[in-house]
Amino acid sequence: MNILRCAIFGSLLCLLTSQLQAEEPPYWRVRISVQVVAIDPAHGVPLIPRLKSAVGKEAAYDEIQQLLDRDDAELLGWPAVTIAANSSGETASSLGVQYPTEFDVLPIPQIFGDGTWPVPPSSSLVPEPMWGALTPTANEVRDCGTKLKTTARILDDGNLVEVDFDTSLTELLAFHEIQGCKDAVGIGGIISQPEFQRLTLNPTIRLHSGEHLLIGSSFLQKPAPRIVLFLGTVRATRIGTLSQKAASASKPDEASPAPSSSLSLP
Amino acid sequence: MRALMTQKPGLRLIRRVGQMIAAFGTVALSSLILRAEEPSAKLSKTPNLTIDVQIVSLPTRVGIPLARSMMKEEEMEGAYQRLQELLAAGTAQLIGWPLITTTPRENQSVIHATNEIPWPTEWNAPGTPISFRQDPDSHSPRLAPPPHKDNGTIAAVPERFEMAEAGSILEVTPQISVEQAAVDLTVLVRSIGCLGNVTTIIDRGPQRDAVSAEQPLLEQTTVNQTFTLRVGEHALLGIAKTSTPPNSIRLAVLSVTSPEALPKK
């Protein structure tokens, strides 16, 4: 009889605890970063199978860090955001590259006068170049650099973080000169147009806090053959409860409480 | 027995301790049951998958036998290893290698690795002027002299540009069965190469003057398939005969791995 009483008491206690937990949802801070690294194929091709494996990925990540320290790999970008769980954040680091998109092409000029060619220097009516001159009338700007837009959700009491990544790398490779028509004396108009290289990916991945994971990569031919790696890292820290956060937000004069070490993730 | 227990305080203490242990045991058991029922706990068991497609160019003398081996299921893994050796030796050339890690889900995961090459889509083609007899006394309007010709053609003036994408694109929608470690995949792979620019005659003037414009020459291979693969397996997605380099074929080989330890099948 006493054991039955204890079982009922235990169940009630458990329900009460879970109810309290439901009322007091934890508040998490999540830091997400993506290291964008370019490695020559000689180093990169053997690294990818290791980065894909369960056992070798952390050692391969450490090796990439050593390659970066020795300048054997190039850091192309390292966007990072710190957000609350179930919220979104974004960051971009870019250089705006301007390029012309519309041009004013001169019409065929009509010459009024004696019609002699070439026009004598003394003439007041000098024919303009026909096709050689091209005047840009509108420009556009393209952002070159790295971008990261992300949303994080806490799963399994913080053991896992589900992250929506939307990240990209844009590079200016070159400006190409495209020849227009030449005028009668052989002067050609030139239109400069940029060639951009773009690497974008948008996976949803579940990571453990502190885990490093290859979220995407690609082999690129230009400007030199190389492998570009996107290495994702997530760190989740339990700050407290939402009610504590709301209480601290309602008191702007008081300093926000420091995160308790007893609440942080192991 | 009951009377004996009520009389001895030591036994009563043991009984109380037993009751407390039973209560804590019930609490622990209930917590475990409640945790097991949380949907997030179930979700977290789904592993991430890494899906990549190696697009390689091989001389036909090596590529054709290798493609034949890859078509036989029992020879596929050996042929894949052979391909890696050919890549390391430089016999095979890597054209593209898009890779993406994703959680199995209904939505697509996409990786674009492309160059945006500008190419003109609209031109102002120069008109050929009508020749007038030179007459110094005439004051009638005259057209200007004709534009310069290169190799008998007049280059058109580009007025509007678009960007052509060249590179590799991988779109995947994986669904996994954890027990069987099998993955249902819907895969779209697109490999586009720019072989350079070609000069095309786009118009001819009234006096049969040719008007030319430069256009990019794009070579494209597309694969769109749905199939099932076990984690750790490879599959030959496509074979393409390409013009550059000469006497070569292009293979697209897909791999599915998991960066997490999966249960043994």
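The values are calculated or read from the model by the stated rules, or taken from the named source; none is laboratory data. It should be emphasised that the depicted structure is a prediction, and the values quoted were computed from it without experimental measurement. Positions of Cβ are backbone-derived with ideal geometry, glycine not excepted, and every protein chain shown enters the neighbour counts.
Being under 30 Å from B:Pro104 (Cα atoms) and either at pLDDT 95 or above or not in a loop (DSSP other than H, G, I, E, B) (or both), is that true of even one residue in segment A:122-137?
Checking segment A:122-137: not a single residue is under 30 Å from B:Pro104 (Cα atoms) and either at pLDDT 95 or above or not in a loop (DSSP other than H, G, I, E, B) (or both).
Find the residue count for segment B:47-82, including only residues that are crowded, with 17+ Cβ neighbours inside 10 Å and either within 12 Å of chain A (Cβ to nearest Cβ) or basic (Lys, Arg) (or both).
So the count comes out to 13.
Can you tell me which of (1) at pLDDT below 90; (2) under 27 Å from A:Val163 (Cα atoms); (3) under 30 Å from the mean Cα position of the chain (by Cα) is the one B:Glu73 doesn't meet?
For B:Glu73, the exception is condition (2).
Does at least one position in segment B:247-259 carry a residue that is surrounded by 13 or more Cβ atoms within 10 Å (Cβ to Cβ), assigned to a loop (DSSP other than H, G, I, E, B) and on the phi < 0 side of the Ramachandran plot?
yes
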